[in-house]
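Peer 1: Here you go, one structure.
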Amino acid sequence: MFNSNFPILKRKINGRRLVYLDNASTTQKPQNVILAMTDFYEHHNANIHRGIHTLSQEATQMYEGARDKVQKFINAKYREEIIFTSGATEAINLVVWTWGHENIKRGDEILLTEMEHHSNLVPWQILARKKGAKLKFIPLNETWNLKLETLNKLITRRTKMVALTHISNVLGTINPVEKIIKAAHKKGAMVLIDGAQAGGHISVDVQKLGADFYVLSGHKMYGPTGVGVLYGRKEILENMPPYQSGGHMIRSVDWQNSTWNDLPWKLEAGTANIADVIGLGAAIDFINKVGLRAVKNHELRIMNYVLRELGKISGIEIYGPESGKDRIGVISFNAAGVPPHDLASILDQRGIAIRTGHHCAMPLHRKLGVESTARASFAIYNTKSDIDALIKGIKYAIQLFCS
Ligand code: 7TS
């Protein structure tokens with residue numbers, strides 16, 4: 001679907017048609033995103049918020065226009081609640097080093113889950129060590145979902161932050177974040193949702209969810225690399241100190257002291273990543289044009305087909321929920337007797353791109369009892385014939401290794 005919008009899909013890899021199944025790492029970019037960025041550099045390039053001249057005004061309008069698109073896309077109440085960052089990782093670090101630094105004290109607890117990407121684990125580890133706080137984890141059950149029955153016990157009066165992924169980048173599990181947010185708020189804890197794998201796959205309504213912070217990764221939702229989003233509730237962002245400081249984030253500067261700009265610019269120091277933010281705006285235009293319902297239905301069909309076909313191959317172990325209801329098309333698996341790395345090389349020879357390794361979730365892989373898995377992940381442009389090629393390639397690798 002919409003394949004003709006993605007120029008890279010015309011490429012041949014090792015003489016074969018490219019079958020790109022590494023979308024959880026990064027998605028390919030549609031023509032309108034590439035054109036939006038080229039158009040900016042060819043016709044409008046200037047720095048923003050600081051020029052009277054025409055180009056600067058145009059650039060500012062385009063950049064701030066992208067903010068409006070993100071606001072609408074996740075249904076934030078105010079445009080000031082949308083902060084552009086370099087990615088999901090920086091958005092989480094921003095919260096840790098501003099809100100976390102101000103609010104986490106000795107003896108406090110930070111609750112994460114056993115399925116976090118390193119980006120939503122390591123920054124909290126560093127903060128907890130520095131502050132003398134404790135990290136706790138919501139465990140997984142045997143169906144690869146979070147053990148919600150443990151929540152009541154795990155969230156205590158000492159819990160200051162519950163930070164969890166909306167969708168696991170390994171298991172594909174969609175977490176019931178709305179329920180978890182409610183449980184956390186009941187006990188006075190804040191909640192950060194890492195939406196890196198949700199953006200562009202399922203619809204996100206931050207007001208309905210009630211999240212305090214929500215994080216997006218632009219390049220995983222058809223946008224360029226180097227841009228991400230931090231959504232934060234206005235009253236929380238207003239009370240947060242700056243993350244980085246320097247140009248753009250100040251109102252007034254004296255030799256000894258400075259005052260801060262209004263939101264969102266208080267949290268966007270230095271010259272912004274203007275072209276990439278505009279590219280992200282174009283990516284949102286693309287997703288809106290396709291429609292998130294169509295994206296979801298398409299990816300669900302593809303995922304169910306893959307799960308069915310993988311299930312027919314003996315010796316395949318899938319790590320993730322069986323049902324299509326509480327998972328998306330991120331499928332990690334191992335084929336008995338075939339090291340994941342070799343599987344990926346054999347598939348690459350056939351033009352098929354998957355990812356192998358720990359997918360930046362080492363503790364989770366330790367829990368799974370494996371060092372690495374193979375992972376196929378899907379996007380709007382994947383077709384049934386992509387899946388047929390994948391399944392054929394896996395069967396070929398098994399035959400090669402196991403006969
Ligand atoms: N959170 C989750 C759940 C992720 O999957 C990723 C990236 C990140 C945070 C970090 O995003 P970034 O844009 O700042 O890098 N996940 C993956 C992956 O699964 N394979 O490559 C990157």
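Peer 1: Output the residues belonging to region 207-219 that are touching a helix residue (DSSP H, G or I) at 6+ places or on another chain (Cβ under 8 Å) and of a type outside the set (Ser, Thr, Tyr). Walk me through how you get there before you give the answer.
Peer 2: Step one: of region 207-219, the residues touching a helix residue (DSSP H, G or I) at 6+ places or on another chain (Cβ under 8 Å) are 208-218.
Selection gives Lys208, Leu209, Gly210, Ala211, Asp212, Phe213, Val215, Leu216, Gly218.
Peer 1: Of everything in region 127-144 that's open to solvent by 20 Å² or more (accessible area, probe 1.4 Å) and within 16 Å of the ligand (Cβ to nearest atom), which residue is modelled with the highest pLDDT?
Peer 2: Looking at the filtered set, the residue picked out is Phe137.
Peer 1: Among the residues of region 321-330, are any in the same structural domain as Val295 (by TED's automatic domain parsing), within 14 Å of the ligand (Cβ to nearest atom) and open to solvent by 10 Å² or more (accessible area, probe 1.4 Å)?
Peer 2: Yes, there is a match, as at least one residue in region 321-330 is in the same structural domain as Val295 (by TED's automatic domain parsing), within 14 Å of the ligand (Cβ to nearest atom) and open to solvent by 10 Å² or more (accessible area, probe 1.4 Å).
Peer 1: Test of understanding: among Val229, Val206, Val162, Val177, which residue is farther than 26 Å from Val295 by Cα and of a type in the set (A, V, I, L, M, F, W, C)? Working first, answer last.
Peer 2: Values: Val229 fails: farther than 26 Å from Val295 by Cα; Val206 fails: farther than 26 Å from Val295 by Cα; Val177 fails: farther than 26 Å from Val295 by Cα.
So the residue among Val229, Val206, Val162, Val177 that is farther than 26 Å from Val295 by Cα and of a type in the set (A, V, I, L, M, F, W, C) is Val162.
Peer 1: Tell me which residues, restricted to region 356-381, are more than 15 Å from the ligand (Cβ to nearest atom), touching an Asp or Glu at 6+ places or on another chain (Cβ under 8 Å) and under 24 Å from Gly291 (Cβ atoms).
Peer 2: If the condition is that a residue be more than 15 Å from the ligand (Cβ to nearest atom), touching an Asp or Glu at 6+ places or on another chain (Cβ under 8 Å) and under 24 Å from Gly291 (Cβ atoms), then Ile380 is the only one that fits.
Peer 1: While we're here: Could you check, for region 147-163, whether at least one of its residues is more than 15 Å from the ligand (Cβ to nearest atom) and either among the aromatic types (Phe, Trp, Tyr) or surrounded by 24 or more Cβ atoms within 10 Å (Cβ to Cβ) (or both)?
Peer 2: Checked region 147-163: at least one residue is more than 15 Å from the ligand (Cβ to nearest atom) and either among the aromatic types (Phe, Trp, Tyr) or surrounded by 24 or more Cβ atoms within 10 Å (Cβ to Cβ) (or both).
Peer 1: Of everything in region 306-320, what is surrounded by fewer than 13 Cβ atoms within 10 Å (Cβ to Cβ) and part of a helix (DSSP H, G or I)? Give them in sequence order.
Peer 2: Filtering region 306-320 for residues surrounded by fewer than 13 Cβ atoms within 10 Å (Cβ to Cβ) gives 308, 311-312, 314-315.
Those that are surrounded by fewer than 13 Cβ atoms within 10 Å (Cβ to Cβ) and part of a helix (DSSP H, G or I): Arg308, Gly311.
Peer 1: Cβ contacts < 8 Å: first residue within 16 Å of the ligand (Cβ to nearest atom), restricted to region 174-202; second residue part of a strand (DSSP E or B) and aromatic (Phe, Trp, Tyr), any location; separation 6+ or different chain. Result?
Peer 2: Close Cβ pairs (under 8 Å, with a partner that is part of a strand (DSSP E or B) and aromatic (Phe, Trp, Tyr)) amount to Val191/Phe213; Leu192/Phe213; Leu192/Tyr214; Ile193/Phe213; Ile193/Tyr214; Gly195/Tyr214.
Peer 1: Pull out all pairs, ordered by first then second residue, where Cβ-Cβ is under 6 Å, the residues are six or more apart or on different chains, the first lies in region 23-36 and is within 16 Å of the ligand (Cβ to nearest atom), and the second is aliphatic (A, V, I, L, M) and open to solvent by 40 Å² or more (accessible area, probe 1.4 Å).
Peer 2: What qualifies is Gln28/Ile8.
Residue-by-condition table, conditions (1) free of Cβ contacts under 8 Å to residues at least 40 places away in the same chain; (2) open to solvent by less than 30 Å² (accessible area, probe 1.4 Å); (3) within 16 Å of the ligand (Cβ to nearest atom); (4) among the aromatic types (Phe, Trp, Tyr):
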residue	(1), (2), (3), (4)
Asp212	yes, yes, no, no
Ser217	no, yes, yes, no
Tyr231	no, yes, yes, yes
Ser252	yes, no, no, no
Asn257	yes, no, no, no
Gly281	no, yes, no, no
Asn288	no, no, no, no
Leu292	no, no, no, no
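Peer 1: Only one of these is touching a strand residue (DSSP E or B) at 6+ places or on another chain (Cβ under 8 Å) and of a type in the set (Asp, Glu): Asp285, Asp342, Asp348, Asp276. Name it.
Peer 2: Asp348
Peer 1: Still on this structure, I have one more. Residues in region 60-83: is at least one within 22 Å of the chain's Cα centre (by Cα), open to solvent by 50 Å² or more (accessible area, probe 1.4 Å) and within 16 Å of the ligand (Cβ to nearest atom)?
Peer 2: So far as region 60-83 goes, no, none of its residues is within 22 Å of the chain's Cα centre (by Cα), open to solvent by 50 Å² or more (accessible area, probe 1.4 Å) and within 16 Å of the ligand (Cβ to nearest atom).
Peer 1: Among Ile74, Ile138, Ile92, which is the only one that is touching a Pro at 6+ places or on another chain (Cβ under 7 Å) and not charged (D, E, K, R)? Before you say what the answer is, go through the steps one by one.
Peer 2: Working: Ile74 fails: touching a Pro at 6+ places or on another chain (Cβ under 7 Å); Ile138 fails: touching a Pro at 6+ places or on another chain (Cβ under 7 Å).
Result of the check over Ile74, Ile138, Ile92: Ile92.
Peer 1: Can Thr373 be described as open to solvent by less than 10 Å² (accessible area, probe 1.4 Å) and touching a Ser or Thr at 6+ places or on another chain (Cβ under 9 Å)? Working first, answer last.
Peer 2: On the way: open to solvent by less than 10 Å² (accessible area, probe 1.4 Å): yes; touching a Ser or Thr at 6+ places or on another chain (Cβ under 9 Å): yes.
Considered against the rule, which asks whether it is open to solvent by less than 10 Å² (accessible area, probe 1.4 Å) and touching a Ser or Thr at 6+ places or on another chain (Cβ under 9 Å), Thr373 comes out as yes.
Peer 1: Just wondering, is there one or more residues in region 1-13 that are in contact with a strand residue (DSSP E or B) (Cβ under 6 Å, 6 or more places away or on another chain), at pLDDT 95 or above and either within 16 Å of the ligand (Cβ to nearest atom) or not assigned by TED's automatic domain parsing to the domain that holds Val204 (or both)? Steps first, please.
Peer 2: Taking region 1-13 and keeping what is in contact with a strand residue (DSSP E or B) (Cβ under 6 Å, 6 or more places away or on another chain), we get none.
The answer is no, given that none of the residues of region 1-13 is in contact with a strand residue (DSSP E or B) (Cβ under 6 Å, 6 or more places away or on another chain), at pLDDT 95 or above and either within 16 Å of the ligand (Cβ to nearest atom) or not assigned by TED's automatic domain parsing to the domain that holds Val204 (or both).
The values are calculated or read from the model by the stated rules, or taken from the named source; none is laboratory data. Being a predicted model, the structure only gives us computed values, none of them experimental. Using ideal geometry, Cβ is built from the backbone for each residue, glycine included, and neighbour counts are taken over all protein chains shown. The protein model used for the area step is the full one, side chains on, heavy atoms only, and it has no ligands, DNA or RNA in it. Shrake-Rupley method; radii C 1.70, N 1.55, O 1.52, S 1.80 Å.
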